[in-house]
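To start, the structure itself, in structure tokens.
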Amino acid sequence: MGTKVAALITLAVFYYWLAPVPAQAGHFSILPSDIHFSATSYGDGDTAVVYVSDPDLSPPTDCDATWSKIPSPVQFDEWWNLATGSPHPAHYALSAGCAFDTVSPSQTPLRPPPGWAADVDGTAFLVADFDQALGAIKLSFTVNASSTVTTVFQFDVLNFYPASSTVARIYSESDPNGELVSISEVFSESDSTPDPASALFRGQVTVSTDPGSQSPADGRVWVRHGDSLFVDYFGPGGGATPLSSSSASLTLPAPTPTPTPVPASGPISLAVLGITFLILMWWRLTRTQRPKT
């Protein structure tokens with residue numbers, strides 16, 4: 001691709017990342033990283049859910065789409081379909097390893113322009129229109145026969161971060177190691193449907209008062225009366241310093257006091273009691289006044 005294309009794409013991407021995109025159909029928005037619990041308090045056996053919002057967890061994916069030496073002209077108002085290759089599928093190819101879903105393109109929705117451009121026989125043009133769900137674009141002019149059209153387009157894929165990625169950790173005072181949490185991209189906090197364009201991620205652990213729940217990777221965090229629950233977010237690359245943190249209180253019953261056992265009376269204690277009784281009786285008899293003579 002020529003120098004003009006590279007310059008246009010660089011400027012377009014720079015503009016795209018500076019300009020916030022309203023949360024709507026694609027509902028992608030530029031937000032600072034944040035993590036928080038779904039509730040302010042949890043009890044024993046509850047599922048503690050956390051939500052992470054960070055655009056860095058959902059970066060755009062790029063692919064090249066090329067129509068080589070098309071056999072007939074394509075009018076300016078026709079769609080160039082990135083999923084099917086229409087209007088010239090026999091002359092169409094995607095770059096090797098492209099993750100764009102050509103069967104269900106809505107599963108990998110296009111990022112809005114001006115994040116990408118088209119190259120027609122070495123001349124760069126910005127994409128004039130696009131269909132996010134169908135995965136199709138329009139150019140603002142008619143493309144002549146024998147032309148080669150290449151576009152570098154951007155789209156979203158569904159993102160998932162396993163616990164081993166050390167993106168987030170939930171813990172308590174009693175269980176400071178806690179649990180590393182896997183997070184997956186969802187539509188919203190009220191809808192856990194997978195969504196590749198939300199940049200909102202969900203993770204969870206089980207709150208447990210069982211001391212055996214301290215084992216790593218068991219999906220549980222051990223808590224005791226007086227503890228709080230904490231979560232740290234370390235970013236897509238993991239790390240040691242949290243980018244964002246949050247906490248939740250715990251509603252747990254106070255521990256029941258253990259009664260002090262009273263020792264049962266045995267043979268020795270009974271003998272001591274009997275001897276004490278006899279001594280008291282003897283003392284009482286010796287104190288009895290004798291009649292005067």
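The values are calculated or read from the model by the stated rules, or taken from the named source; none is laboratory data. The shown structure was predicted, so the numbers you read here are calculated from the model rather than taken from an experiment. Methodologically, a virtual Cβ is constructed for each residue, glycine included, from the backbone with ideal geometry; neighbour enumeration extends over all protein chains shown.
Could you please find all residues in region 89-111 being buried (at least 18 other Cβ atoms within 10 Å of the Cβ) and either hydroxyl-bearing (S, T, Y) or in contact with a Phe, Trp or Tyr (Cβ under 7 Å, 6 or more places away or on another chain) (or both)? Y92, F100, T108, P109, L110, R111 - these are the residues of region 89-111 that are buried (at least 18 other Cβ atoms within 10 Å of the Cβ) and either hydroxyl-bearing (S, T, Y) or in contact with a Phe, Trp or Tyr (Cβ under 7 Å, 6 or more places away or on another chain) (or both). Go through region 155-186 and give me each residue that's crowded, with 20+ Cβ neighbours inside 10 Å, within 30 Å of H88 (Cα to Cα) and not aromatic (F, W, Y). Matches in region 155-186: D156 only. Test each condition in (1) more than 24 Å from the chain's Cα centre (by Cα); (2) at pLDDT 95 or above; (3) surrounded by 15 or more Cβ atoms within 10 Å (Cβ to Cβ) for D119 and report the one that comes out false. D119 satisfies every listed condition except (2). Among the residues making up region 218-243, none is assigned to a strand (DSSP E or B) and at pLDDT below 95. Only residues that are among the aromatic types (F, W, Y) and assigned to a loop (DSSP other than H, G, I, E, B) were counted in region 141-184, giving 1.
Total residues in region 86-116 satisfying the condition of being in a loop (DSSP other than H, G, I, E, B) and touching a residue at least 60 places away in the same chain (Cβ under 8 Å): the figure is 8.
Please tell me if D46 is more than 22 Å from Y161 (Cβ to Cβ), of a type in the set (D, E) and modelled with pLDDT of 95 or more. For D46, the condition - more than 22 Å from Y161 (Cβ to Cβ), of a type in the set (D, E) and modelled with pLDDT of 95 or more - is met. Among the residues of region 212-243, those identified as of a type in the set (A, V, I, L, M, F, W, C) and surrounded by fewer than 14 Cβ atoms within 10 Å (Cβ to Cβ) are A217, A240. Only one entry in V186, V149, V167 is in the same structural domain as T108 (by TED's automatic domain parsing) and in contact (Cβ under 8 Å) with a residue 12 or more places away in the chain, namely V149. If only residues of region 192-203 that are among the hydroxyl-bearing types (S, T, Y) and in a strand (DSSP E or B) are counted, the one that is surrounded by the most Cβ atoms within 10 Å (Cβ to Cβ) is S192. Can T206 be described as free of Cβ contacts under 8 Å to residues at least 24 places away in the same chain and either assigned to a loop (DSSP other than H, G, I, E, B) or in the same structural domain as A163 (by TED's automatic domain parsing) (or both)? For T206, the condition - free of Cβ contacts under 8 Å to residues at least 24 places away in the same chain and either assigned to a loop (DSSP other than H, G, I, E, B) or in the same structural domain as A163 (by TED's automatic domain parsing) (or both) - is not met.
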